[in-house]
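To start, the structure itself, in structure tokens.
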Amino acid sequence: SMGMVFGIVAMFGSVILLTKTLMQTLAQMLTEAPRAQNDRMLQVVVSVLSSGLCLGVRITESKNGLGWKGPQSSNSSNPPVPGVNLPVSQLTYFFSAILISGVIHEVGHGVAAIREQVRFNGFGIFIFIVYPGAFVDLFTTHLQLISPVQQLRIFCAGVWHNFVLGVVSFLGLFLLPAILFPFYYTGAGALVTEIAEDSPANGPRGLFVGDIVTNLQDCPVYSVEDWNSCLGDISDKSQVGYCVSAATLQQLSFPTRVYRRLDGTVECCSNNSLTDICFSYSNNLDNLLYACLPARKVIEASKVCRANRDCKKDSVPSFCVTPSLENQTRLIRVKHPPHIDMLYVGHPLHLQYTVSLSSFVPRQNFLSIDLPVVVETFCKYLISLSGALAVINAVPCFALDGQWILNSFLEATLSSLVVEKQSRELVGFLILLAGSALLAANVALGLWMVTAR
């Protein structure tokens, strides 16, 4: 009964969601530079639509007469397709989550049908090309004999079970640190689990699998979320400087030729050294000066600063020297004790995309560093895809659960107001036509936005 109420609410909610998404998509099409937040929402919605379209409702002829087959994950003319940004390495998660979500969906229909005394003809799992699916076969005559409220319980059961699966997966993800606490601990930093071959973090003084990152510049890192947040702040803010005494600055610097790059920034190291970086600083006369300095000697044991006033220490004159780098490029100091700090020069996103990390650190050496990542990633896929199937199947659209939910809902609510059955069917047909057009428009425009732009 809770599932029935949820299914009806989800039917109306899905229409509101798709309408809002369609309006946002149209607004993005009319703008040359859509906002990043909308882009992310669009990608989520497109992936939801592409994964959820396959769960439909079909009326088929069987040897027992008209047999109703519940939502199926592959018998639709629009099977799910992986999103354009889905990594190949995660296809296993995608298809496994699709299969489990589809099976739980069909189990919901089957259990609800048995409870409402509807004959259960069979249940099956199959593969359509490469996409896994499931189905239930119910005796249609029994479905037609029960009340509209009983029908609603059956038709809404799939959506409800997908929602419950999503909630259970979310709780598992939220409680994962407590569940794995006897074997893994958290809060110590971000554990490096994989480094891409072309990553700038590779090298003898770079990162290694098993390292624990504790700081990015002066930003502490206790988890993967902190790593992403720190890199985001570093990317958004201007490059930080480092306090260097006047004596050290004079000792390390050497005469160089200053020239401007194409983007307007200044370069003063012309020896193609892999260890020297051009730094800028202002003297007491507020003149902007440049010096080519060995980066590691300048940064190690130096205090982070934004201006000269941050470097006032006793009577020792110091300057705040800032790396003079190309636009969007940053010099980032990565601490991963007990190893020597890694100095990274480049775009922060390149570091973020080529280094995989985990918040879980194994307590024993024989424990796998990948297990928490696998469980965490799989829970996220279950949340996304099971939630997608719940939302999409609730849409009042032909061949989806929403078609049968709407018909039963109209029979239960309009039978006393609209006496003629043909009139009620006409109302339902018009609503289904509008819902199908709304869903099709979202899918078409969403995919066009992703592929064409």
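Looking only at segment 305-314, decide whether some residue is touching a Cys at 6+ places or on another chain (Cβ under 7 Å) and closer than 24 Å to Gly203 by Cα. No. Applying the criterion of being open to solvent by 50 Å² or more (accessible area, probe 1.4 Å) and in contact with a helix residue (DSSP H, G or I) (Cβ under 7 Å, 6 or more places away or on another chain) to the residues of segment 136-165, the residue that is nearest to Gly7 (Cα to Cα) is Trp160.
For (1) among the charged types (D, E, K, R); (2) open to solvent by 70 Å² or more (accessible area, probe 1.4 Å); (3) closer than 21 Å to Val221 by Cα, each residue gets a yes or a no:
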{"position": "Asn283", "(1), (2), (3)": "no, no, no"}
{"position": "Ile299", "(1), (2), (3)": "no, no, yes"}
{"position": "Lys312", "(1), (2), (3)": "yes, yes, no"}
{"position": "Cys320", "(1), (2), (3)": "no, no, no"}
{"position": "Val355", "(1), (2), (3)": "no, no, yes"}
{"position": "Arg363", "(1), (2), (3)": "yes, yes, yes"}
{"position": "Phe366", "(1), (2), (3)": "no, yes, no"}
{"position": "Ile369", "(1), (2), (3)": "no, no, yes"}
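Among the conditions (1) open to solvent by 20 Å² or more (accessible area, probe 1.4 Å); (2) of a type outside the set (Ser, Thr, Tyr); (3) free of Cβ contacts under 8 Å to residues at least 24 places away in the same chain, the only one that Cys230 does not satisfy is (1).
Of the residues making up segment 417-427, at least one is under 22 Å from Met4 (Cβ atoms), open to solvent by less than 50 Å² (accessible area, probe 1.4 Å) and modelled with pLDDT under 95. Applying the set (1) in contact with a Cys (Cβ under 9 Å, 6 or more places away or on another chain); (2) farther than 30 Å from Pro396 by Cα to Val192 leaves exactly one unmet item: (1).
Test Leu331 against the criterion of being out of contact with any strand residue (DSSP E or B) (no Cβ under 9 Å at 6 or more places or on another chain) and farther than 23 Å from Tyr93 by Cα, and give yes or no. Full working, then the answer.
Numbers: out of contact with any strand residue (DSSP E or B) (no Cβ under 9 Å at 6 or more places or on another chain): no; farther than 23 Å from Tyr93 by Cα: yes.
In short, no.
Give me a count of the residues in segment 259-277 that are assigned to a loop (DSSP other than H, G, I, E, B) and open to solvent by 30 Å² or more (accessible area, probe 1.4 Å). Reasoning before the result, please.
As a first pass, look at segment 259-277 and keep what is assigned to a loop (DSSP other than H, G, I, E, B): 261-265, 268-275.
Then keep just the ones that are open to solvent by 30 Å² or more (accessible area, probe 1.4 Å); that gives 261-264, 270-275.
Number satisfying all stated conditions: 10.
Looking at (1) in contact with a Ser or Thr (Cβ under 8 Å, 6 or more places away or on another chain); (2) open to solvent by 70 Å² or more (accessible area, probe 1.4 Å); (3) not basic (Lys, Arg), can you tell me which one Thr256 breaks? Among (1) in contact with a Ser or Thr (Cβ under 8 Å, 6 or more places away or on another chain); (2) open to solvent by 70 Å² or more (accessible area, probe 1.4 Å); (3) not basic (Lys, Arg), the lone unmet condition for Thr256 is (2).
Within segment 116-126, is even one residue part of a helix (DSSP H, G or I) and either modelled with pLDDT of 80 or more or open to solvent by less than 40 Å² (accessible area, probe 1.4 Å) (or both)? Can you show your working first?
Kept after step one, since they are part of a helix (DSSP H, G or I), are these residues of segment 116-126: none.
No.
Against the condition hydroxyl-bearing (Ser, Thr, Tyr) and assigned to a loop (DSSP other than H, G, I, E, B), how does Ser280 come out, does it pass? It is false that Ser280 is hydroxyl-bearing (Ser, Thr, Tyr) and assigned to a loop (DSSP other than H, G, I, E, B).
Listed here are the residues, each with its yes/no results for (1) within 16 Å of Leu207 (Cβ to Cβ); (2) hydroxyl-bearing (Ser, Thr, Tyr); (3) assigned by the TED database to the domain that holds Ile100; (4) open to solvent by less than 10 Å² (accessible area, probe 1.4 Å).
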residue: Val345; (1), (2), (3), (4): yes, no, no, no
residue: Cys379; (1), (2), (3), (4): no, no, yes, no
residue: Ile383; (1), (2), (3), (4): no, no, yes, no
residue: Ala394; (1), (2), (3), (4): no, no, yes, yes
residue: Phe398; (1), (2), (3), (4): no, no, yes, no
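Condition first: of a type outside the set (A, V, I, L, M), in a loop (DSSP other than H, G, I, E, B) and more than 40 Å from the chain's Cα centre (by Cα). Can you find one or more residues in segment 285-294 that meet it? Give the steps one after another, and end with the answer.
Step one: list which residues in segment 285-294 are of a type outside the set (A, V, I, L, M), which gives 286-287, 290, 292, 294.
Subset that is in a loop (DSSP other than H, G, I, E, B): 286-287.
With more than 40 Å from the chain's Cα centre (by Cα) added as a condition, the list becomes 286-287.
The answer is yes, given that some residue of segment 285-294 is of a type outside the set (A, V, I, L, M), in a loop (DSSP other than H, G, I, E, B) and more than 40 Å from the chain's Cα centre (by Cα).
Considering (1) in contact with a Leu (Cβ under 7 Å, 6 or more places away or on another chain); (2) farther than 19 Å from Ser14 by Cα, the lone condition that Asp341 does not fulfil carries the number (1). If you scan segment 430-453, which residues turn out to be within 18 Å of Ile405 (Cα to Cα) and either basic (Lys, Arg) or surrounded by 14 or more Cβ atoms within 10 Å (Cβ to Cβ) (or both)? Listed by number, the residues that qualify are Ile431, Leu432, Gly435, Ser436, Leu438, Leu439.
The values are calculated or read from the model by the stated rules, or taken from the named source; none is laboratory data. Predicted, not measured: the structure shown is a model, and the values here were computed from it. Virtual Cβ from ideal backbone geometry, glycine too; neighbours counted across all protein chains shown. For accessibility, only protein heavy atoms count, side chains too; no ligands or nucleic acids. Shrake-Rupley method; radii C 1.70, N 1.55, O 1.52, S 1.80 Å.
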